[in-house]
Amino acid sequence: MSFYRALSIRQKRTLWAWGFLAVPIIFYVVIRFYPTGNAMVLSFQSWNLLGDREWAGLANYRVLFSDPVFWQVFWNTFKYLLIGTPISLVISFFIAYHLDKVRFAHGFLRALYFLPFMTSAVAMAWVWRWFYQGVPIGLFNNMLASVGIGQVEFLNSTTNALPSILAPAVWAGLGFQVIIFMAGLRAIPRSYYEAAEIDGVSKWTVLWEITIPLLRPTIVFIVVFSSIGFLRIFDHVFNMTTNNPGGPLNSTKPLVLMIYETAFRSFDMGYAAAQTVVLFLILLVVSLIQLRILRDS
Amino acid sequence: MIRNLRHAALGATLSTAAMIAAAPAQAQVTIEYWQYFFEARVTAMEQLIENFEAANPDITVNMTTFPYADYRTRTAVAIPAGEGPDVVQLFYGWLNDYIEAELIQPLPVEAFPPDEINAEFFPMVQAMERDGQYYALPTAVRSLALFYNNRLFEAADIDGPPETLDEMVEIAAALTERDGAGNITQVGLTSGMTAQDHHWWREVLVRQFGGEPYTDGYRNVAYDSEAGLAALNFYHGLSAEHGVTDAGFMDEPQAAFRAGRAGMHIDGSFRIGALEGTRGLDWGVTELPAGPDGTRSNYSSYWVNAITSRAEGEEYDAAVLFMDYITSPEAMQIWLDTVGELPARESVGMIDENAEHPVYGPFIRGLEYANTTIFADESAQRQILVEMLERINLQGQDPAESLAQAAAAEQDLLDAYYGE
């Protein structure tokens, strides 16, 4: 106690501050940093969960980079990102921009757009999976058949499957992005719009010169957030292709699903850890690039 | 009767040994048993435990169950940590990994003599033997059979289920229906490599067309042969040539059959329970059709019980007694009556009451000529066959080329697993 009494007020405050900070720090170290570090070590080992871990050096990475399936999966992961992010950004901005102007039943409409975000991804994926089936059970193909249009193979196709899986994923994320965009729109000071109105500026100019530039922080947030989401897409793909995960012919398999299969179907933990490290690096690099591009200028 | 006496004598010896070992205290022994959660299996095991405890009052068996999805991970994590069970239920395909990691111990030869097991159990159980010792034994086994829809058969004026592959194709053609645009609305036969068809193709069709799927104890892929190609052409021809099936029809084969939109459906004995409760579905079941030269084959899989390396001393003795009881004829009959899974002993399976049973009979008769694939990684090996068909269907690859590619991929996988 005498040690504590001897401290100055400033030192005591520091001590207390660290005391409180220690709680989240310990928490993060134990449940975040330790497993992360462990996974990185594991990526250089070979382990099937049962026996001892054995050092494998770079073997896991060597196998990974020479595996054509990995490169296909790598490219698929970016397809989800490159198609999903811009589409969901444009649609959610469009909805938010117009919803912001609607006064009639505003709260109700907003709730409707938010609803899919709260729905379980698993339930949604299965409903869409059945929508996509052929006749006699598929909703879309039954509609096409009733007007005499030929069947479309939505999921059983190497070209259509990925967009078909992406559609419900985009739809599910819209609600959240719309809410964020609307909050961003509300945060723009009215005075800019009033000034523009006095100057008699066109609506397009207002949109391009005032609204969008002032939404930059919101856009940065949504782009980073949804990019990470699409890079980590799993539940939709897994549930819509459970019998043939990531199929047909790996055309819809994202990296996370490959990791899951390696770890929990083939029980090749070291190899799965190596894939996880690669995913971690991708997420890191993509996030850094986006932050840099969207913050500068 | 003699066997039962022998069991009793063995039990007495072992329990005496246990008693001597634990002489001063003569304490109650408790052993842990783990299996995955499936209601009928749990009910059956509760009954077996009750019978066992009544016969061995100084032993208590605690059963713990886990959801199927977590089961493999849980056992794999718990046993090395010493937290796990004394007797554990494992899928037969995991045995290699468990033996290699020394997580299970061989069954004592005195209590489980290999010669007797070889003589009394259905032959595919021999996959559980290593160097003259059994490591694990099943209570029950599963096999494949052909389910058929009685209503659709009657409507199409078909007398009975097919006996051969040719008859099957003919009947399937009569049962297939299409709409005006040519889309299938009812399949004669369900299909899908993602379901049970990869077993059917690998262990049944390849053999029926005169080939061997693997050689050298399932370490060498041998289906890249003329017979393999004939089997593949037959299977692919069901949809491509005869148009009696469609792999993605109604999402999953069993869904199409349950909905009454499929005339015939190949599936395992584990499907019986799900089909039994289906309203409006009147179904029958028959042995898998014979091949062009009359060859019959089947695929059998099973869950085995094994004693873990954790069991020592009196727990070990109790575990041996418990293993002995749950692989006894009595236990197998209880398992069949409660779960609907087939007895692993020929002597129990082939009694008339079981072998001629209208539902279980075809599966049990199939066990006599069934093969058990020794997988290195079942889901990965299944995926290879799934993709073999997808390359033909979606990318128009030549079947022979696709077959060769699949065989090469599977050989790589096996070589990597066996460290060659």
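So the values come out like this:
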quantity	calculated
Those helices (runs of 4 or more DSSP H) lying entirely in the stretch B:327-404 with at least 1 residues within 14 Å of chain A (Cβ to nearest Cβ), over 19 Å from residue B:298 (Cα atoms) and at pLDDT 95 or above	B:378-395
Of all residues in the stretch B:156-186 being among the aliphatic types (A, V, I, L, M) and within 11 Å of chain A (Cβ to nearest Cβ), the one that is farthest from residue B:245 (Cα to Cα)	B:181
Enumeration of residues in the stretch B:293-347 that are touching a Ser or Thr at 6+ places or on another chain (Cβ under 9 Å), open to solvent by less than 10 Å² (accessible area, probe 1.4 Å) and among the aliphatic types (A, V, I, L, M)	B:304, B:318, B:319, B:326, B:331, B:332, B:342, B:344
One residue from A:195, A:125, A:111, A:169 being away from every other protein chain (no Cβ under 14 Å), assigned to a helix (DSSP H, G or I) and closer than 23 Å to residue A:231 by Cα	A:169
Failed condition for residue A:96, given (1) under 28 Å from residue A:234 (Cα atoms); (2) within 13 Å of chain B (Cβ to nearest Cβ)	(2)
One residue from A:257, A:249, A:281 being among the hydrophobic types (A, V, I, L, M, F, W, C), out of contact with any strand residue (DSSP E or B) (no Cβ under 7 Å at 6 or more places or on another chain) and surrounded by fewer than 16 Cβ atoms within 10 Å (Cβ to Cβ)	A:281
Residue within the stretch B:239-246 that is open to solvent by less than 50 Å² (accessible area, probe 1.4 Å), of a type in the set (D, E, K, R), touching a strand residue (DSSP E or B) at 6+ places or on another chain (Cβ under 8 Å) and not in a helix (DSSP H, G or I) present	no
Any hit, the stretch A:142-157, residues being more than 9 Å from chain B (Cβ to nearest Cβ), small (Gly, Ala, Ser) and within 17 Å of the chain's Cα centre (by Cα)	no
Complete set of residues in the stretch B:76-91 that are out of contact with any Lys or Arg (no Cβ under 9 Å at 6 or more places or on another chain) and either open to solvent by 10 Å² or more (accessible area, probe 1.4 Å) or modelled with pLDDT under 85 (or both)	B:76, B:77, B:78, B:80, B:81
Boolean, residue B:124 is away from every other protein chain (no Cβ under 14 Å), at pLDDT below 90, part of a helix (DSSP H, G or I) and within 30 Å of residue B:257 (Cα to Cα)	yes
Selection count where residues are in a loop (DSSP other than H, G, I, E, B), free of Cβ contacts under 8 Å to residues at least 60 places away in the same chain, open to solvent by less than 80 Å² (accessible area, probe 1.4 Å) and not β-branched (Val, Ile, Thr), scope the stretch A:82-106	1
Where residue B:407 falls short, out of the listed (1) within 14 Å of chain A (Cβ to nearest Cβ); (2) of a type in the set (A, V, I, L, M, F, W, C); (3) in contact (Cβ under 8 Å) with a residue 12 or more places away in the chain	(1)
Hey, residue A:137 assigned to a helix (DSSP H, G or I) and either of a type outside the set (D, E, K, R) or open to solvent by less than 60 Å² (accessible area, probe 1.4 Å) (or both) or not	no
Any pair with Cβ under 6 angstrom, 6 or more apart, that starts in the stretch B:155-168 at a residue that is in the same structural domain as residue B:287 (by TED's automatic domain parsing) and open to solvent by less than 90 Å² (accessible area, probe 1.4 Å) and ends at one that is of a type in the set (Val, Ile, Thr) and in a helix (DSSP H, G or I)	B:158/B:171; B:162/B:171
Answer residue from the stretch A:223-272, given it is among the basic types (Lys, Arg) and within 13 Å of chain B (Cβ to nearest Cβ) and is nearest to residue B:375 (Cα to Cα) among those	A:265
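The values are calculated or read from the model by the stated rules, or taken from the named source; none is laboratory data. Bear in mind that the values here come from a model prediction, so they are computed numbers and not experimental data. Methodologically, a virtual Cβ is constructed for each residue, glycine included, from the backbone with ideal geometry; neighbour enumeration extends over all protein chains shown. Protein only, heavy atoms only, side chains kept; ligands, DNA and RNA dropped before computing areas. Shrake-Rupley method; radii C 1.70, N 1.55, O 1.52, S 1.80 Å.
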